[in-house]
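Below you'll find the structure, written out as structure tokens, and then a few comments.
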Amino acid sequence: MNLTGTAPAGWDDRIEHPLQSIGFAEASRALGHRPLFAEDDASRALVLVRRVPIPLVSRWTARAKVYVYAARPTFLPALAESLRKLGVSHVRLGDSVWGLTGDGAAGDLAIRPVTYHLFTHALSTTEDGLLAGMKRTIRRHIRKAADEVTVSEVRTVADLRAYVSLTAETGERMRFRDVAAVYPPAYFEAIYRAMVPRGQAVMFLARARSDAAPLAAGTFVTNGTRFAHIHGCSTRDRLLTPKNGPTAVFWHAMQYARACGCQIFDMGAVTPTEDPAHPHHSVYEYKKLWGGELRDLPSGELVLAPWKHRFQEFVLSPLWDRCHPLYLRVFGASRARVLAEQHS
């Protein structure tokens, strides 16, 4: 198993999913990750290591997220040992978009199972069939949006600027509820520059027909079979929200995915809950209205250094919500700008 800081030649031609791509690795730098590329003759993984790069603190803060396809049971143990030697204490194997995959995914490691939940739609049915599976509310909103909203791909710098403005607006709402959902502009700039041209990602932007005001936007990744939502944002302008921009984006993306020959449309992760006070309750209720199938996505996590992991959980985690925006400004977006300058 080889583990390198630069992608091997032809890497993107061998990956199983866009979240393993060189472009996504570049985008992840904006979140403060250092990408590593692991591969043997049949298995491969994108490893995203994040630590606070300050002397003394660095050795106690390293964690990793791994997007892996393991064809043999020896791959993950070898990768875990390499990461342990690098000082990584905790490994997240997959996430709510792409889980732990491959015939040899588990190996003989003591992986703690983690299950995500998501709504998916089979695109083999007709457009009328998709509409028939939705609640009346969504069908009504789709009809209304058809008269008031236009949705198009993000293709220009001006489009991207409008997208980023919506993410900033959404980020202010999300910052105190879900830190992980807050992304810097450099993240989307990298996806636009590196993944969209390769067909690994598509970014959509909804505007009002009347004055072209940005209403909502979304980013999706695809491997040709599955079309998955990874980010969404929208305006909170009370004069514009009745136009149903997010609904227009999802419906346009669903039609786009069908036209591209994808088999599954993934609306993104949800937290099934009937508690109205839960911070994710509204998202769950909204996606339920679209019908589809609520599916489990298996993933996992692995603790490589128990003492360091305990330190991170009891000391660092309580500080993370407060320090996360500062971390991105200092160690995330600035590193992404350096990378962009190197490629310009």
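The values are calculated or read from the model by the stated rules, or taken from the named source; none is laboratory data. Predicted model, so just to flag it, every value in this text is computed and none were measured. With ideal geometry, Cβ positions are generated from the backbone for all residues, glycine too; neighbour counts draw on all protein chains shown.
Some points to look at:
- No other residue among Pro279, Pro246, Pro298 is more than 21 Å from Arg236 (Cα to Cα) and of a type outside the set (Asp, Glu) apart from Pro298.
- Some residue of the stretch 157-168 being surrounded by 14 or more Cβ atoms within 10 Å (Cβ to Cβ), touching a Pro at 6+ places or on another chain (Cβ under 6 Å) and free of Cβ contacts under 8 Å to residues at least 40 places away in the same chain: yes
- Among residues of the stretch 129-159, those that are under 19 Å from Met267 (Cβ atoms) and more than 24 Å from the chain's Cα centre (by Cα), counted: 16
- Test: residue in the stretch 75-93 that is crowded, with 22+ Cβ neighbours inside 10 Å and among the basic types (Lys, Arg): no
- Summed over the stretch 98-151, the residues that are assigned to a loop (DSSP other than H, G, I, E, B), in contact with a His (Cβ under 9 Å, 6 or more places away or on another chain) and not hydrophobic (A, V, I, L, M, F, W, C) give a count of 1.
- Which listed residue is closer than 30 Å to Glu313 by Cβ and out of contact with any helix residue (DSSP H, G or I) (no Cβ under 7 Å at 6 or more places or on another chain), from Ala71, Ala80: Ala80
- Hits in the stretch 195-211 (condition: of a type in the set (A, V, I, L, M) and in a strand (DSSP E or B)): Ala201, Val202, Met203, Leu205, Ala206, Ala208
- Among residues of the stretch 15-36 being of a type in the set (D, E, K, R) and out of contact with any helix residue (DSSP H, G or I) (no Cβ under 8 Å at 6 or more places or on another chain), the one that is farthest from Phe220 (Cα to Cα) is Arg34.
- Criterion (on the phi < 0 side of the Ramachandran plot, loosely packed, with under 14 Cβ neighbours inside 10 Å and at pLDDT 95 or above) met by exactly one of Ala277, Ala259, Ala253, Ala248: Ala259
- Entry remark, the stretch 212-265: residues being β-branched (Val, Ile, Thr) and in a strand (DSSP E or B) number 5 in total.
- Filter result (under 23 Å from the mean Cα position of the chain (by Cα) and either hydroxyl-bearing (Ser, Thr, Tyr) or part of a helix (DSSP H, G or I) (or both)) within the stretch 57-70: Thr61, Tyr67, Tyr69
- Hey, Gly99 on the phi > 0 side of the Ramachandran plot and surrounded by fewer than 24 Cβ atoms within 10 Å (Cβ to Cβ) or not: no
- Subset tally (residues that are under 12 Å from His252 (Cβ atoms) and either out of contact with any His (no Cβ under 9 Å at 6 or more places or on another chain) or aliphatic (A, V, I, L, M) (or both)) for the stretch 216-226: 2
- Residue match in the stretch 71-92 (condition: under 20 Å from the mean Cα position of the chain (by Cα), part of a loop (DSSP other than H, G, I, E, B) and over 13 Å from Val49 (Cβ atoms)): no
- In the stretch 12-56, the residues that are within 26 Å of Pro185 (Cβ to Cβ) and either assigned to a helix (DSSP H, G or I) or touching a Cys at 6+ places or on another chain (Cβ under 7 Å) (or both): Asp12, Pro18, Leu19, Gln20, Ile22, Gly23, Phe24, Ala25, Glu26, Ala27, Ser28, Arg29
- Criterion (at pLDDT 95 or above and small (Gly, Ala, Ser)) met by exactly one of Ala206, Ala186: Ala206
- Failed condition for Thr271, given (1) touching a Phe, Trp or Tyr at 6+ places or on another chain (Cβ under 9 Å); (2) crowded, with 16+ Cβ neighbours inside 10 Å: (2)
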